[in-house]
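Q: The structure is given below, and queries will be raised subsequently.
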Amino acid sequence: MAVANIQVSETPLVLYALRRADDALILGHRLSEWCGHAPMLEEDMALSNIALDLIGQARELYSYAAKVEGKGNDEDKLAYLRDVRQYRNLLLLEQPNGDFAQTLVRQFFYSAFADLYWRAMMTSRDATLAAIAAKSEKESAYHLRHASEWLIRLGDGTEESHRRAQDAIDHLWAFTGEMFSVDDGERGLIHAGIAIDPASLRGRWLQTISDVVSEATLVLPQNEWMQQGGRAGRHSEHLGHLLSELQSMQRTFPGLTW
Amino acid sequence: MATPNTPLWEVFIRSRNGLAHKHVGSLHASDATMALQAARDIYTRRGEGLSIWVVPSTAITASDPAEKGMMFEPAESKIYRHPTFYEVPEEVGHM
């Protein structure tokens with residue numbers, strides 16, 4: 001790697017925007033890996049559309065983080081010149097695509113949260129975050145519908161699609177708890193009315209996913225132990241591989257544009 | 001390609017209020033709900049539409065190309081049917 005990492009002054013608000021930007025970029029990148037490989041053309045387009053929505057959200061959030069930081073970083077530097085420990089996305093979102101069911105269940109768990117999250121964030125006292133929320137909410141609402149309809153058909157489809165969907169739920173379940181956790185810095189933003197408390201969304205999130213999962217004739221796991229770490233920069237082994245691909249061009253040819 | 005689980009659907013998009021839905025293409029989907037979603041994802045990515053119809057391709061009855069002469073040639077000699085002999089007021093809008 002030819003280019004050094006940038007340093008980011010992580011004030012609570014910068015870190016808050018970065019974490020959400022990383023969520024959107026990493027999931028968007030994962031979905032883009034399906035481009036040209038999805039099980040059918042229709043789904044190839046659908047997954048790419050969702051990827052583009054998410055990368056659009058990431059760009060706005062990175063730009064805002066850079067502006068709040070005010071140290072000359074920009075969206076590209078934040079995306080391409082931070083290493084794996086500087087990334088703060090949810091562990092759920094960096095998990096490999098696996099089979100189609102695993103991709104769909106990852107999307108389903110996250111979109112069911114993101115839909116509620118962005119809707120709640122529309123009342124943020126931070127005007128920029130509120131504006132990003134208003135745009136993102138419509139996108140997330142569609143992502144949730146898309147993933148839900150698919151999950152119902154996979155679960156209630158063939159024996160094999162049912163098995164794969166249930167395996168994906170069982171595998172990814174332990175990564176869902178991190179969506180609702182908050183650290184001290186975020187607690188301050190919540191008190192200031194800039195952020196919302198994600199714990200307050202958990203009841204409705206669980207209701208949403210329970211309804212869809214039961215319609216899909218699938219079951220949610222009962223285990224409550226949850227994996228944490230992404231928000232603090234402690235990632236699974238998968239993120240480094242993802243970033244090496246995502247960043248390879250800028251690391252090799254700094255400042256390259258086309 | 002045999003696709004028993006994902007039959008063919010025809011997609012119609014209305015681009016603006018007051019215009020008719022127009023056929024834009026087809027797609028494969030398991031049912032009407034999924035067809036509508038796929039139509040949104042494939043055919044309205046550049047803001048093309050305000051409304052989508054999807055119709056099972058099997059529901060369409062087509063004219064027989066072998067009957068082209070009988071079906072369409074008689075209309076070719078009736079130029080007086082073209083509305084070129086009077087002016088349409090601008091206020092009428094789309095016709």
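The values are calculated or read from the model by the stated rules, or taken from the named source; none is laboratory data. Note that this is a predicted model, so its numbers are computed, not measured. Every residue, glycine among them, receives a Cβ derived from its backbone with ideal geometry; neighbour counts consider all protein chains shown. The protein model used for the area step is the full one, side chains on, heavy atoms only, and it has no ligands, DNA or RNA in it. Shrake-Rupley method; radii C 1.70, N 1.55, O 1.52, S 1.80 Å.
Q: Only one residue in B:9, B:53 is outside any helix (DSSP H, G or I) and in contact with a Phe, Trp or Tyr (Cβ under 9 Å, 6 or more places away or on another chain), so which one is that?
A: Going through B:9, B:53 in turn, just one is outside any helix (DSSP H, G or I) and in contact with a Phe, Trp or Tyr (Cβ under 9 Å, 6 or more places away or on another chain): B:53.
Q: Just for helices (runs of 4 or more DSSP H) wholly inside the range A:1-108: which have at least 3 residues that are among the acidic types (Asp, Glu) and within 21 Å of residue B:37 (Cβ to Cβ)?
A: A:41-69
Q: Also, quick follow-up: Only residues that are within 11 Å of chain A (Cβ to nearest Cβ), of a type outside the set (A, V, I, L, M) and loosely packed, with under 14 Cβ neighbours inside 10 Å: list them for the range B:1-12, please.
A: B:3, B:5 - these are the residues of the range B:1-12 that are within 11 Å of chain A (Cβ to nearest Cβ), of a type outside the set (A, V, I, L, M) and loosely packed, with under 14 Cβ neighbours inside 10 Å.
Q: While we're on this one: When the range A:55-99 is examined, which residues are found to be of a type in the set (A, V, I, L, M, F, W, C) and touching an Asp or Glu at 6+ places or on another chain (Cβ under 8 Å)?
A: The answer is A:58, A:66, A:90, A:91, A:92, A:93.
Q: Can you pull out every residue in the range A:230-258 that is part of a loop (DSSP other than H, G, I, E, B), small (Gly, Ala, Ser) and out of contact with any Asp or Glu (no Cβ under 8 Å at 6 or more places or on another chain)?
A: A:233, A:255
Q: From the set of residues in the range A:31-45 that are touching a helix residue (DSSP H, G or I) at 6+ places or on another chain (Cβ under 7 Å) and under 17 Å from residue A:98 (Cβ atoms), which is least open to solvent (accessible area, probe 1.4 Å)?
A: Checking each candidate, the answer is A:31.
Q: If you go through the range A:98-127, how many residues are open to solvent by 20 Å² or more (accessible area, probe 1.4 Å) and closer than 27 Å to residue A:196 by Cβ?
A: The total comes to 6.
Q: Looking at the range B:13-50, which of the residues that are part of a loop (DSSP other than H, G, I, E, B) and within 12 Å of chain A (Cβ to nearest Cβ) is most open to solvent (accessible area, probe 1.4 Å)?
A: B:46
Q: For the condition within 30 Å of residue B:32 (Cβ to Cβ) and more than 14 Å from chain B (Cβ to nearest Cβ), what is the one hit in A:168, A:195, A:174?
A: A:168
Q: Failed condition for residue B:69, given (1) farther than 30 Å from residue A:41 by Cα; (2) open to solvent by 70 Å² or more (accessible area, probe 1.4 Å), with all others met?
A: (2)
Q: Moving on to the next point. Only one of these conditions is not met by residue B:58: (1) within 14 Å of another protein chain (Cβ to nearest Cβ); (2) open to solvent by 30 Å² or more (accessible area, probe 1.4 Å); (3) in contact (Cβ under 8 Å) with a residue 12 or more places away in the chain; (4) among the β-branched types (Val, Ile, Thr). Which number is it?
A: (1)
Q: Tally the residues that are open to solvent by 50 Å² or more (accessible area, probe 1.4 Å) and either within 14 Å of chain B (Cβ to nearest Cβ) or free of Cβ contacts under 8 Å to residues at least 60 places away in the same chain (or both), restricting the search to the range A:46-62.
A: Going through the range A:46-62 one residue at a time, the tally reaches 3.
Q: Which condition number does residue A:95 fail, the rest of (1) open to solvent by less than 40 Å² (accessible area, probe 1.4 Å); (2) closer than 27 Å to residue B:5 by Cα; (3) of a type in the set (S, T, N, Q) being met?
A: Result: residue A:95 passes all but (2).
Q: Just give me the residues in the range A:63-92 being without any contact (Cβ under 8 Å) to a residue 40 or more places away in the chain and open to solvent by less than 20 Å² (accessible area, probe 1.4 Å), in sequence order.
A: A:66
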